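Please read the structure below before turning to the comments.
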Amino acid sequence: MKIKIANIFPDIYSDAFKGVVEVRKKLAESIKEKTGGIVELETFFVDMGLGSIESAYDETINSVFVLEKVRWAEQNGYNAITIDCMGDPALEAARELVKIPVVGACESSIHLACMLGKRFSIISILPETESLLRDLIRKYGLEGNLASIRTINIPVLELERDIQRTAAVASEAALKAVKEDRAGAIVLGCTGMAGLDEAIEKRLQGEGYDVRVLDPLKVAIYTAIMMVLLGVRQSKEIFRSPREKPRRLPP
């Protein structure tokens with residue numbers, strides 16, 4: 001049995017994402033090794049759109065191109081899809097569009113955070129992303145479990161520029177979330193911080209706090225694997241396929 005996961009990064013590629021690509025290659029190798037070669041993970045950038053998603057405007061522009069990749073992934077035999085962004089762009093539309101599981105990084109990670117620690121904090125990147133995250137948390141019914149959103153003020157395209165600084169600033173924010181906000185779990189607020197979970201958790205443990213730090217990309221991917229193994233996907237009674245109708249779309 002082979003399980004093919006298509007991980008869709010909802011931004012166009014630029015040199016700022018070289019580190020992002022390497023992290024996802026290493027993650028794919030790790031998952032393949034852990035599963036005895038059963039799971040194959042491939043990451044795809046959108047072909048058109050903006051260079052990062054940090055606002056509702058950015059998300060709206062890039063969602064159409066995310067959906068193009070979603071349709072392509074199903075047509076090319078992938079067993080599940082993950083959306084590689086904490087904003088869960090086009091998630092519900094993607095679930096309507098295809099009949100294979102589609103998993104969002106935010107939805108899956110904050111639900112797991114509640115299971116692990118009841119109250120969770122998110123380490124966000126910018127002030128403008130906070131309202132987007134709060135809207136999603138409210139939509140997913142977990143507003144009462146949110147301890148705090150701590151912001152590190154580093155844009156998406158600068159997260160990799162000085163990864164040690166990013167890790168240090170995120171670690172300080174996570175420490176404050178646990179000490180001051182009483183968070184029982186930490187969720188990294190951007191999949192651009194993928195791979196920093198272990199270093200941040202180690203810092204918390206060094207301060208005497210036994211709290212899990214969740215990398216939302218890893219959570220989304222392993223959730224997708226679980227869904228494939230269970231043989232489940234989104235309900236088409238709720239996420240109904242789009243009706244046929246006249247369309248005038250760009251070629």
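The values are calculated or read from the model by the stated rules, or taken from the named source; none is laboratory data. For clarity, every value in this text was computed on a predicted model and none was experimentally measured. We place every Cβ from the backbone using ideal geometry, glycine too, and count neighbours over all the protein chains shown. Only protein heavy atoms, including side chains, enter the accessible area calculation; ligands, DNA and RNA are left aside. Shrake-Rupley method; radii C 1.70, N 1.55, O 1.52, S 1.80 Å.
Of the residues Leu229, Leu196, Leu175, Leu214, the single one that is touching a Phe, Trp or Tyr at 6+ places or on another chain (Cβ under 9 Å) and within 30 Å of Ile3 (Cβ to Cβ) is Leu214. Of all residue pairs spaced 6 or more apart or on separate chains, those with beta-carbon atoms under 8 Å, a first member in the range 94-119 that is closer than 23 Å to Tyr78 by Cβ and a second member that is hydroxyl-bearing (Ser, Thr, Tyr) and open to solvent by less than 10 Å² (accessible area, probe 1.4 Å) are Val102/Thr82; Val103/Thr82; Gly104/Thr82; Ala105/Thr82; Ala105/Thr191.
Restricted to the range 144-251, the set of helices (runs of 4 or more DSSP H) holding at least 3 residues that are closer than 30 Å to Lys32 by Cα and touching a residue at least 60 places away in the same chain (Cβ under 8 Å) comprises 216-230. Would a scan of the range 129-141 turn up a residue that is farther than 27 Å from Ala28 by Cβ, part of a loop (DSSP other than H, G, I, E, B) and at pLDDT 95 or above? Scanning the range 129-141, I find at least one residue that is farther than 27 Å from Ala28 by Cβ, part of a loop (DSSP other than H, G, I, E, B) and at pLDDT 95 or above, so the answer is yes. Here Thr166 clears all of (1) open to solvent by 60 Å² or more (accessible area, probe 1.4 Å); (2) closer than 20 Å to Glu128 by Cα except the condition numbered (1). Taking residues in the range 55-73 that are within 16 Å of Met86 (Cβ to Cβ), and partners anywhere that are in a helix (DSSP H, G or I) and of a type in the set (Asp, Glu), the pairs with Cβ atoms closer than 6 Å and at least 6 places apart or on different chains are Ser55/Glu128.
Of the residues making up the range 129-156, those that are surrounded by fewer than 15 Cβ atoms within 10 Å (Cβ to Cβ), over 19 Å from Arg182 (Cβ atoms) and not basic (Lys, Arg) are Ser131, Asp135, Gly141, Asn153. Whether any residue in the range 4-16 is at pLDDT below 95, surrounded by 15 or more Cβ atoms within 10 Å (Cβ to Cβ) and closer than 22 Å to Glu128 by Cβ is what I want to check. Yes, the range 4-16 has at least one match.
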